[in-house]
Amino acid sequence: MTADPILADPRLYVALDVPNIESAQAMVEALGDAVVSYKIGLQLLPVGGTEFARELVRAGKNVFLDYKLHDIGATVEKAIRSIRAVGAELLTVHATPDVMAAAVRGRGDSALKIMAVTVLTSLDDGALHDMGYFMSVEELVMHRVRQGVAAGVNGVISSPLEAAKIRAIVPKDFLIVTPGVRMKGGDKGDQKRIASPRDALANGASHIVVGRPITQADNPRKAALEILKNINA
């Protein structure tokens, strides 16, 4: 189904965190002209996610490959050279300096945008302390953002709560993609640092990612339209 440019908003990525390609195809069909951008993550990767990404690109959709690559530099660089052919818009890597530098080399002059994952939105200060990081979530996020800018990545993945401070220190065209987006009163799930769609964008996000509030709704298209309404309120 062709997306209506007035209805769909490319800043809204729907996370296709579903168990198989058939479910993902059904969700895309159900959402129809309400959504033009989709995120494919690790759940679909081993069951044909990358080929499905190619199908979405051929259908005129924007694709965000949320693979969170993290390996030695040479491996990351080679992997990204292979991924470039998919035609996706965004690809995530973990925000360590060596990984980000390798990702930028692998990107080359292609249109693929490298997004660095700062701190997962499921983590809070206590979780970081348990992992051996003796700084707050915000401190670690800002540290990794600065490293990302220096490495030449195109943007970062960050919770909506840090978006405004990130926006203040990054180049104008730097992307900030925020998961952890929920409508007010909605189920937080495993997300601990959240905001509404409108607030996330107002705070400096360039794109938002929404998964379960849409994909697990009784009427996914209606849920997507409610989020679009919130964005444009």
- Message: Please determine whether any residue of the stretch 166-179 is in contact with a Ser or Thr (Cβ under 7 Å, 6 or more places away or on another chain) and at pLDDT below 90.
- Response: yes
- Message: For the stretch 138-165, give me each residue that is touching a Phe, Trp or Tyr at 6+ places or on another chain (Cβ under 8 Å), at pLDDT 95 or above and over 24 Å from Y38 (Cα atoms).
- Response: V149
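Scan the stretch 67-85 and give yes if some residue there is among the polar types (S, T, N, Q) and in contact with an Asp or Glu (Cβ under 8 Å, 6 or more places away or on another chain), otherwise no. Walk me through it before giving the result.
Applying the first criterion (among the polar types (S, T, N, Q)) to the stretch 67-85 yields 75, 82.
Add one more test, that the residue is in contact with an Asp or Glu (Cβ under 8 Å, 6 or more places away or on another chain), and what stays is none.
No.
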- Note on the structure: Across the stretch 219-233, the tally of residues that are over 15 Å from E29 (Cα atoms) and either in a helix (DSSP H, G or I) or at pLDDT 90 or above (or both) stands at 6
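Within the stretch 143-156, can you find the residues that are out of contact with any Ser or Thr (no Cβ under 6 Å at 6 or more places or on another chain) and either under 21 Å from P197 (Cβ atoms) or among the aliphatic types (A, V, I, L, M) (or both)? Before you say what the answer is, go through the steps one by one.
Our first condition is that a residue be out of contact with any Ser or Thr (no Cβ under 6 Å at 6 or more places or on another chain); within the stretch 143-156, this holds for 143, 145-155.
Result: V145, V149, A150, A151, V153, G155.
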- Task: Filter the stretch 68-108 for residues that are among the aliphatic types (A, V, I, L, M) and buried (at least 22 other Cβ atoms within 10 Å of the Cβ) and give the result.
- Result: V76, I80, A88, L90, L91, V93, A95, V99, M100, A102, A103
- Query: Given the conditions (1) touching a strand residue (DSSP E or B) at 6+ places or on another chain (Cβ under 8 Å); (2) surrounded by 15 or more Cβ atoms within 10 Å (Cβ to Cβ); (3) closer than 19 Å to G211 by Cβ, which single one is not true for L120?
  - Reply: (1)
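The values are calculated or read from the model by the stated rules, or taken from the named source; none is laboratory data. Small disclaimer: the values here were computed from a predicted structure and weren't measured. Because the Cβ atoms are built from the backbone with ideal geometry, glycine has one as well, and the counts that use them run over all protein chains shown.
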